[in-house]
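**Student:** A single structure is presented below for examination.
The values are calculated or read from the model by the stated rules, or taken from the named source; none is laboratory data. In this text, all values refer to a predicted model and were calculated from it rather than measured experimentally. Don't worry about glycine lacking a Cβ; one is built from the backbone with ideal geometry, like all the others, and counts go over all protein chains shown.
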Amino acid sequence: MRQLIVLIFCLLTHATLAFPQNTGHVEGYVTDAKTGDPLPGAHVFIRDGKGTLADENGKYKLVLETGEHILHTQFIGYLPSIRDINITQNGTTTLNIELTATIEILEEVVVTAEKTEQKITDVNVSMAILKPKQFERTSPTSLEGALVQIPGVEILDGQPSIRGGSGFSYGAGSRVLVLVDDLPLLSGDAGHVQWNFLPLENLSQVEIIKGASSVLYGSSALNGVINLRYKDPGDKPVTSLRMFSGAYLAPDRKELIWWDSPRWFAGNSVSHARKIGNLDLTTGAYLFQDKGYRDNEFNKQARVNINLKYRSKTVSGLSYGLSTSGMLVNQGDFFLWENADSGAYRQNPTGTSFSNGHRIYVDPSIRYFTSKGNKHSINSRYYRSVNQMPENEDKNSRFYLVLGEYRYQHRFSDNIKLILGSSFNYSKVHSKLFGQHTKNEAAVFTQLSAKIFSRLKYNLGFRWETYRLNEIQEHSHPVFRTGLNYQLFPHTFLRLSAGQGYRFPSIAEKFTATQIGALNIFPNPDLLSETAISADVGLIQGYQLGTWTGFIDLSLFRSEYINMIEFTFGVYMPEGVTIPTLDNVGFKALNVGQAQITGLEVILNTEKRIGQFNTSFQAGYTFINPIDLSIEKDSTTGNILKYRHRHSAKGDINLSWRKWSTGATVIYNSFMEQVDSVFIDRFFGNMILPGYPKYREENQKGYTTVDLRLSYDIFRKTNISIICKNLFNVEYMGRPGDLQAHRSVTLQFLLNL
């Protein structure tokens, strides 16, 4: 019996030693070494593959066998960490890990390309990034003033275009989808961008995708995506104040001066970000007034925004969010000049448009981030806008829209990720201009991303979306995209991508019936959705030459559009009318057929740091060949798509030494070869835009503008700068009859606490 008891005791002891009792655990927080901010999603693991991910607070916990281990920690955009640890039986080892952000340009992290964090060198589409520092340097009054510095991006009278994908459509419809924190912010009636409503005070960065992106983002991402991402507060509260004031100086042609008092502009913005326990708070406000350099053109606006995120105390990885932004606006818009001479900055009285109104959006969200790397997110938005025109109430309009998206991200491993999602968008429009309408959009989408071998990354995406306008289904079609990224050498990355896109015509394009000056706009209820196929081949080559570091990005691209929507001039007679009059002459949105855009883009980005002397330089050249395939090549007007520049070059250089900094931005656009033929016609052109046919004949060349800046750090976090835009007072035009601003000077004060 004694021997049996001893045997049982030995067996139990052995079993105890062989199973979980021979373990302990290591826990701690993964944070940014400089700011102390948590790094949720950081991968903590040992060599045999056992590991975990840090939660929303940056906390991790890993159970390991007793003994010595090598603990690895990795996070996108940061240098990896390797630490030796010793695990004792049933013991707890506390190890806080600080990761250092890499300073290489190639390590920039983006989200928009695949709705998940990745280095910009890992994406398979052409992308660009705008940082808050670039806003501060150039002091734009809205986002469009900063976007025009990006190679391949143009803003024509408020309408964005990427690599020539869009022309000018009279403020109705956009082929570029603008997002705020991954959710669309296009108007529900005209489908256009309200640039002055976009919150710039609390931006982390702006990410631009160049090319069709409808698989992940749906309609209007036909030509690309512009995504504004909010910044998250760090452990220390941060308050930023920006004040600026400036004036438009006299143009070289003195006959253009119509004003008796200075045309000035001024603005103030403030933002504050802080953590309050488990609550993240970011808020901002903006006041702006611009008297305008053109007659009857002015802008007064007040904007406020707040962003809240609460991390659950009881459920690890669960967070709730609520963001909102509201604005009051009173403005006068310029559309038609009086004439090409002394009246180029004067408003044609019949085209004068005064309006006031308000806009607001509210974004509730829920996110759940599991320890295994899976993520559930629900994002939603309520967006309302009211636009009133006291002097022309027949053009009053208002709309509201409700949209939402559920997205699930599953990590099969570090190398394979799957995104599944669904979205909806409901809009209701009340307008005296184009009636009352409702539209519904619903979609499901998925994307699989995989890392094959060690250098090849591949993804495949699919989306199916249906579109109903006034309860009638108008579109239901699947779209696909695919792409790969291959690291040829340590700093050489090859990318290939191809994708489909689509855009539903806006309510304004279908139903607007109005007159602006001598311009008639006719409705087209039969307008069809337009689709596109885009392909992009790119190569990024990083380099380091002594103390110079940077990269060169070369892209070749091609897009084909089917049922492309263009406003087209012609005679449009209603039923029963046999003899046309001037009332039947004007513009209507039509599906003109097929179009093709091919081109190339070269971007150079370089930095040099030596002690207190820093230099940064960015430059890009874009060439496009935009062809309207519905027009014969031997046509007298040519077959070039309207309102495009074939050649565009942009550059920015910044030099800083100790407390001083100076820089310049240069933009060149070639001559706009094709506009609506009616504007060139001697009879109709002079009737609609007096003097334009002759003005165009005398100015058949491109233009170059130069902006210059100088700044000084008064104290460590206080800066004053002076910015001169259009330094050489170049006279240039956007669309016909839209003469741009002459030289202006701005004084700016920045304070960061």
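**Student:** When the residues of the stretch 346-368 are filtered to those that are outside any strand (DSSP E or B) and either polar (S, T, N, Q) or modelled with pLDDT of 95 or more (or both), which remaining residue is nearest to Tyr60 (Cα to Cα)?
**Tutor:** The extreme case among them is Thr352.
**Student:** Checking the condition charged (D, E, K, R) and either under 24 Å from Gln596 (Cα atoms) or not assigned by TED's automatic domain parsing to the domain that holds Ser380 (or both), which residue from Arg455, Arg468, Arg503 passes?
**Tutor:** Going through Arg455, Arg468, Arg503 in turn, just one is charged (D, E, K, R) and either under 24 Å from Gln596 (Cα atoms) or not assigned by TED's automatic domain parsing to the domain that holds Ser380 (or both): Arg503.
**Student:** Here is a follow-up. Please tell me if Gly164 is in a loop (DSSP other than H, G, I, E, B), among the small types (Gly, Ala, Ser) and buried (at least 24 other Cβ atoms within 10 Å of the Cβ).
**Tutor:** Judged against the criteria, Gly164 is a match.
**Student:** Just need a number here: residues in the stretch 446-472 that are farther than 24 Å from Gly421 by Cα and surrounded by 13 or more Cβ atoms within 10 Å (Cβ to Cβ).
**Tutor:** Here the count works out to 3.
**Student:** List, please: which pairs have Cβ atoms under 9 Å, are six or more places apart or on different chains, and start with a residue in the stretch 372-399 that is within 15 Å of Lys428 (Cα to Cα) and assigned by TED's automatic domain parsing to the domain that holds Arg411 and end with one that is surrounded by fewer than 18 Cβ atoms within 10 Å (Cβ to Cβ) and among the aromatic types (Phe, Trp, Tyr)?
**Tutor:** That search, which allows pairs on different chains as well, returns Tyr382/Tyr400; Tyr383/Tyr400; Arg384/Tyr400; Ser385/Tyr400.
**Student:** Can you name the strands (runs of 3 or more DSSP E) wholly within the stretch 17-123 that have at least 3 residues being modelled with pLDDT of 80 or more, surrounded by 16 or more Cβ atoms within 10 Å (Cβ to Cβ) and of a type in the set (Gly, Ala, Ser)?
**Tutor:** Because the criterion is at least 3 residues that are modelled with pLDDT of 80 or more, surrounded by 16 or more Cβ atoms within 10 Å (Cβ to Cβ) and of a type in the set (Gly, Ala, Ser), no strands (runs of 3 or more DSSP E) in the stretch 17-123 meet it.
**Student:** Given the criteria surrounded by fewer than 17 Cβ atoms within 10 Å (Cβ to Cβ) and either among the hydrophobic types (A, V, I, L, M, F, W, C) or under 29 Å from Ile533 (Cβ atoms) (or both), does Glu632 qualify?
**Tutor:** Here the answer is yes, as Glu632 does meet what is asked.
**Student:** Between Thr492, Thr482, Thr549, which is free of Cβ contacts under 8 Å to residues at least 40 places away in the same chain, out of contact with any helix residue (DSSP H, G or I) (no Cβ under 6 Å at 6 or more places or on another chain), among the β-branched types (Val, Ile, Thr) and under 25 Å from Asp122 (Cα atoms)?
**Tutor:** Answer to the selection: Thr482.
**Student:** Sort out which residues of the stretch 261-290 are surrounded by fewer than 19 Cβ atoms within 10 Å (Cβ to Cβ) and within 21 Å of Gly357 (Cα to Cα), and write them in order of number.
**Tutor:** Of everything in the stretch 261-290, those that are surrounded by fewer than 19 Cβ atoms within 10 Å (Cβ to Cβ) and within 21 Å of Gly357 (Cα to Cα) turn out to be Ala266, Asn268, Ala285, Leu287, Gln289.
**Student:** Look at the stretch 454-478 and say how many of its residues are touching a helix residue (DSSP H, G or I) at 6+ places or on another chain (Cβ under 9 Å) and either under 21 Å from Val125 (Cβ atoms) or without any contact (Cβ under 8 Å) to a residue 24 or more places away in the chain (or both).
**Tutor:** Going through the stretch 454-478 one residue at a time, the tally reaches 5.
**Student:** Please state which of the following conditions Arg658 fails to meet, knowing it meets all the rest: (1) of a type outside the set (A, V, I, L, M, F, W, C); (2) loosely packed, with under 15 Cβ neighbours inside 10 Å; (3) free of Cβ contacts under 8 Å to residues at least 40 places away in the same chain.
**Tutor:** (3)
**Student:** Looking at Ile521, Ile552, can you tell me which residue is touching a Gly at 6+ places or on another chain (Cβ under 9 Å) and under 30 Å from Asp583 (Cβ atoms)?
**Tutor:** Just a single option satisfies the conditions, and that option is Ile521.
**Student:** Follow-up question, since we're still on this one. Scan the stretch 675-689 for residues that are closer than 19 Å to Tyr170 by Cβ and either crowded, with 19+ Cβ neighbours inside 10 Å or not polar (S, T, N, Q) (or both) and jot them down.
**Tutor:** Listed by number, the residues that qualify are Val675, Asp676, Val678, Phe679, Ile680, Asp681, Phe684, Gly685, Met687, Ile688, Leu689.
**Student:** Name the residue, out of Lys451, Lys432, that is free of Cβ contacts under 8 Å to residues at least 40 places away in the same chain and touching a helix residue (DSSP H, G or I) at 6+ places or on another chain (Cβ under 7 Å).
**Tutor:** Of Lys451, Lys432, the one residue that is free of Cβ contacts under 8 Å to residues at least 40 places away in the same chain and touching a helix residue (DSSP H, G or I) at 6+ places or on another chain (Cβ under 7 Å) is Lys432.
**Student:** As an exercise: evaluate Ile516 against (1) hydrophobic (A, V, I, L, M, F, W, C); (2) under 30 Å from Asn415 (Cα atoms); (3) modelled with pLDDT under 90 and give the number of the one condition it does not meet.
**Tutor:** The one condition Ile516 does not meet is (2).
**Student:** Within the stretch 622-642, identify whether any single residue is assigned by TED's automatic domain parsing to the domain that holds Leu708, within 23 Å of the chain's Cα centre (by Cα) and within 20 Å of Thr549 (Cα to Cα), and answer yes or no.
**Tutor:** No, every residue in the stretch 622-642 fails to be assigned by TED's automatic domain parsing to the domain that holds Leu708, within 23 Å of the chain's Cα centre (by Cα) and within 20 Å of Thr549 (Cα to Cα).
**Student:** Moving to a separate point now. Consider Ile714 carefully, then state whether it is under 30 Å from Leu747 (Cα atoms), touching a residue at least 60 places away in the same chain (Cβ under 8 Å) and either out of contact with any helix residue (DSSP H, G or I) (no Cβ under 7 Å at 6 or more places or on another chain) or exposed (fewer than 14 other Cβ atoms within 10 Å of the Cβ) (or both).
**Tutor:** So Ile714 does not fit the description; no.
**Student:** Could you go through the stretch 282-290 and let me know if any residue there is in contact with a Pro (Cβ under 9 Å, 6 or more places away or on another chain), of a type in the set (Phe, Trp, Tyr) and modelled with pLDDT of 95 or more.
**Tutor:** So far as the stretch 282-290 goes, yes, one or more of its residues are in contact with a Pro (Cβ under 9 Å, 6 or more places away or on another chain), of a type in the set (Phe, Trp, Tyr) and modelled with pLDDT of 95 or more.
**Student:** Could you check Ser371 against (1) modelled with pLDDT of 90 or more; (2) more than 30 Å from Arg481 (Cβ to Cβ); (3) touching a Ser or Thr at 6+ places or on another chain (Cβ under 7 Å) and say which number it fails?
**Tutor:** Unmet for Ser371, out of (1) modelled with pLDDT of 90 or more; (2) more than 30 Å from Arg481 (Cβ to Cβ); (3) touching a Ser or Thr at 6+ places or on another chain (Cβ under 7 Å): (1).
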